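The values are calculated or read from the model by the stated rules, or taken from the named source; none is laboratory data. Everything numeric here is computed off the predicted structure, so don't read it as measured data. Cβ placement follows ideal geometry from the backbone for every residue including glycine, while neighbour counts extend to all protein chains displayed. In case anyone asks, the SASA skips ligands and DNA or RNA and just uses the protein heavy atoms, side chains included. Shrake-Rupley method; radii C 1.70, N 1.55, O 1.52, S 1.80 Å.
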Amino acid sequence: MTDSTALKAQKRDIKGKAIAGLRAEGKMPAVMYGQGKEAKLLSFDAVEFGKMYAHAGHNTILQIEVEGE
């Protein structure tokens, strides 16, 4: 589903202190949780997320498009 509130994410394997390198690349680490589902480690483009947040605000449900799914 693609619309104006869809945010593209990539899966990541990086954890712990190595996340600093991810942030240096302009990526924002995230974890997606769901009831009865396993947590997914993700990363977003920090600039794209900032624009989406500024547009949608903090009370909007965003669609997450995970690359490869």
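Structure summary
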quantity	calculated
Within the stretch 33-69, tally of residues that are part of a helix (DSSP H, G or I) and either β-branched (Val, Ile, Thr) or in contact with a Cys (Cβ under 8 Å, 6 or more places away or on another chain) (or both)	1
Residue list for the stretch 16-32, restricted to those being open to solvent by 90 Å² or more (accessible area, probe 1.4 Å) and in a loop (DSSP other than H, G, I, E, B)	Glu25
In the stretch 33-49, the residues that are open to solvent by 30 Å² or more (accessible area, probe 1.4 Å) and under 11 Å from the mean Cα position of the chain (by Cα)	Lys40, Leu41, Asp45, Ala46, Glu48, Phe49
